[in-house]
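Have a look at the structure below before the remarks.
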Amino acid sequence: MSGNRWDDYYARQARKEKWLARSVYKLQEIDKKYKLIRKGDRLLDLGCYPGSWSQYGIRKVGPQGELVGIDLTLPDRLSSPNFRFIQGDVLTIQIEWLAREISPRDLIMSDLAPQTTGIRLTDVSRSMSLSKRAAEIACALLKEKGHFVCKVFEGEDLISFRSEISQYFRQIRVIRPKAIRKGSKEIYLVGLELVK
Ligand SMILES: C[S@@+](CC[C@H](N)C(=O)[O-])C[C@H]1O[C@@H](n2cnc3c(N)ncnc32)[C@H](O)[C@@H]1O
């Protein structure tokens, strides 16, 4: 598929290293910078399909750790004894139900992205609804001092979203990993150490 504009360095590298998607390199860079994932951790991956972030997380937490992924679509190429998949819509899933189903988490990561329409305002606003929902889930399910990684599209609401979540975490960082495609408006917010 060379010559395809999506077949860039990271896509080729992901195939070579057998990752399920090139987006793994975004999480890898974020994790290397903030040292978010440790052996034995319990993770929640919101918007986990096709599964590269979960793959990375499962490897880093090791057999003593555990990862739960949620998506509308089943990540059918991913299986591991310490991976559990919940098929569902994060916008409608009941947080109380989720809290009964899974134990408190060390890290909640969201790479949730809506199907884009090409209409910028619609796409940014749908993405912001997903990011806000991810933050709600994170505040309910993280352990004290747990971390949160969240994809956000740059738009009018970004500053208010950042300041909204900053009251729940000791620090908020913004990072634009190198693997983000040129021209993309996405960035990642990292909430370090949930304060309960
Ligand atoms: C960019 S992809 C995630 C890629 C993933 N991090 C990986 O590394 O393989 C975004 C995902 O968000 C999921 N998604 C979007 N809206 C959702 C919703 N309301 N509930 C659950 N998942 C959703 C999509 O189905 C899609 O699989």
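The table for this structure:
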read-out: Neighbours by Cβ (under 8 Å, 6+ apart or cross-chain): first from the stretch 103-116, among the aromatic types (Phe, Trp, Tyr); second in a loop (DSSP other than H, G, I, E, B) and near the ligand (Cβ under 8 Å from one of its atoms); value: none
read-out: Members of the stretch 52-81 that are more than 11 Å from the ligand (Cβ to nearest atom) and either under 17 Å from the mean Cα position of the chain (by Cα) or within 22 Å of Lys145 (Cβ to Cβ) (or both); value: Ile58, Arg59, Lys60, Val61, Gly62, Gln64, Gly65, Glu66, Leu67, Val68
read-out: Output for the stretch 98-125, where each listed residue is assigned to a loop (DSSP other than H, G, I, E, B), of a type in the set (A, V, I, L, M) and in contact with a strand residue (DSSP E or B) (Cβ under 6 Å, 6 or more places away or on another chain); value: Ile102, Leu112
read-out: Single residue of the stretch 57-91 satisfying the filter (surrounded by 14 or more Cβ atoms within 10 Å (Cβ to Cβ) and among the acidic types (Asp, Glu)) that is nearest to Pro104 (Cα to Cα); value: Glu66
read-out: Number of the condition not met by Ala140 [criteria: (1) modelled with pLDDT of 95 or more; (2) buried (at least 18 other Cβ atoms within 10 Å of the Cβ); (3) among the hydrophobic types (A, V, I, L, M, F, W, C)]; value: (2)
read-out: Answer from Pro114, Pro104 - the residue that is closer than 22 Å to Val190 by Cβ and over 15 Å from the mean Cα position of the chain (by Cα); value: Pro104
read-out: Flag for Lys145 being under 30 Å from Gln64 (Cβ atoms), among the basic types (Lys, Arg) and either in contact with a Lys or Arg (Cβ under 8 Å, 6 or more places away or on another chain) or not in a helix (DSSP H, G or I) (or both); value: yes
read-out: Criterion (surrounded by 17 or more Cβ atoms within 10 Å (Cβ to Cβ), in a helix (DSSP H, G or I) and not polar (S, T, N, Q)) met by exactly one of Ile180, Ile165; value: Ile165
read-out: Which numbered condition Ala113 fails, given (1) within 12 Å of the ligand (Cβ to nearest atom); (2) over 24 Å from Phe169 (Cα atoms); value: (2)
read-out: Test for Phe148: is it over 13 Å from the mean Cα position of the chain (by Cα) and surrounded by 13 or more Cβ atoms within 10 Å (Cβ to Cβ); value: no
read-out: Residue under evaluation Ser131, criteria (1) of a type in the set (Ser, Thr, Tyr); (2) in contact with a strand residue (DSSP E or B) (Cβ under 6 Å, 6 or more places away or on another chain); (3) not in a helix (DSSP H, G or I), criterion not met; value: (3)
read-out: Qualifying residue in the stretch 93-110 (condition: modelled with pLDDT of 95 or more, closer than 15 Å to Asp45 by Cα, near the ligand (Cβ under 8 Å from one of its atoms) and loosely packed, with under 15 Cβ neighbours inside 10 Å); value: no
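Matching residues to (1) within 16 Å of Met128 (Cβ to Cβ); (2) modelled with pLDDT of 95 or more; (3) β-branched (Val, Ile, Thr):
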{"site": "Asp157", "(1), (2), (3)": "yes, no, no"}
{"site": "Glu164", "(1), (2), (3)": "yes, yes, no"}
{"site": "Phe169", "(1), (2), (3)": "no, yes, no"}
{"site": "Ile175", "(1), (2), (3)": "no, yes, yes"}
{"site": "Ala179", "(1), (2), (3)": "no, yes, no"}
{"site": "Ile187", "(1), (2), (3)": "yes, yes, yes"}
{"site": "Leu192", "(1), (2), (3)": "no, yes, no"}
{"site": "Lys196", "(1), (2), (3)": "no, no, no"}
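The values are calculated or read from the model by the stated rules, or taken from the named source; none is laboratory data. What you see is a predicted model; the values in this text were computed from it and never measured. Cβ coordinates were reconstructed from backbone atoms using ideal geometry, including for glycine residues, and neighbour counts include every protein chain displayed.
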